[in-house]
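Let me begin by presenting the structure, written as structure tokens, before commenting on it.
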């Protein structure tokens, strides 16, 4: 009995959006852990690892989030990139209004949402309306997300769709409001930001020999965490820290009134 051999396909190199913290994502917020666990429970087989690798390697060159609708462009093994769309099951207008009303009735709960937290009570509100926060599916191939990809793979989700799911999980770990938007609740529309305060500037005279020093050249940058949709080969935080380390001596010289050569 002869065996059919298939050629090995290597994805084209792309400077796309790189997942930065997939290895540590499950050790962060509870909703990030639940998102990754939901993806792993979809019985994807080898597609799970391949999709994770695509997300890490930056094969997703474009990613657009528009409420429950997601569009992406992924560089694969063929010359033309693949186009991906996802449509999540979302709250209808009446259900969205009810959830928004419950949030407004609980100021502390609303405040936690607005500062980047996601209380577990929010998930209960969505489940009460019949909409899950996290990907779900009873049988293989039957999910609460309508997923399409232009690749020839018949399986859904394919590795290209899985890569997008991983990037969405990383974005939600940083900004849980993105998870609510995927399910039909736009916080930016329901709770507009307060008016911008007038800008104020202050100038302090530099004192020679008293420039501030710090062992970590970029403590604020590291506190901010991963930059969303980063496309560089190295982690963005590490790259900015190196630039900050090079800039520190120049800043100290400027503060001390010394001459600076920027050539």
statement: Final fewest-first order of 243, 125 on the 10 Å Cβ neighbour count is 243, 125
- request: Quickly work out the residue 186-to-residue 251 label distance, labels modelled 7 Å from Cα along the C-beta direction, and quote it in nm with one decimal.
  value: 3.8
message: Per 0.36 nm of contour for each residue apart, how much would the distance between residue 33 and residue 175 grow if the chain were fully extended, relative to their Cα-Cα spacing?
response: 49.7 nm
- prompt: In which sequence would 89, 120 go, from the one with the fewest C-beta neighbours within 10 Å to the one with the most?
  reply: 120, 89
query: For 124, 71, what's the fewest-to-most ordering of other Cβ within 10 Å of each Cβ?
result: 124, 71
- line: Between the modelled labels at residue 101 and residue 62 (7 Å from Cα along Cα→Cβ) the distance in nm is 4.0
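None of the figures in this text is laboratory data; all of them are computed from the coordinates on show. These numbers come from a predicted model, not from an experiment. For neighbour counting, all protein chains shown are included, and Cβ atoms are generated from backbone atoms with ideal geometry for every residue, glycine included.
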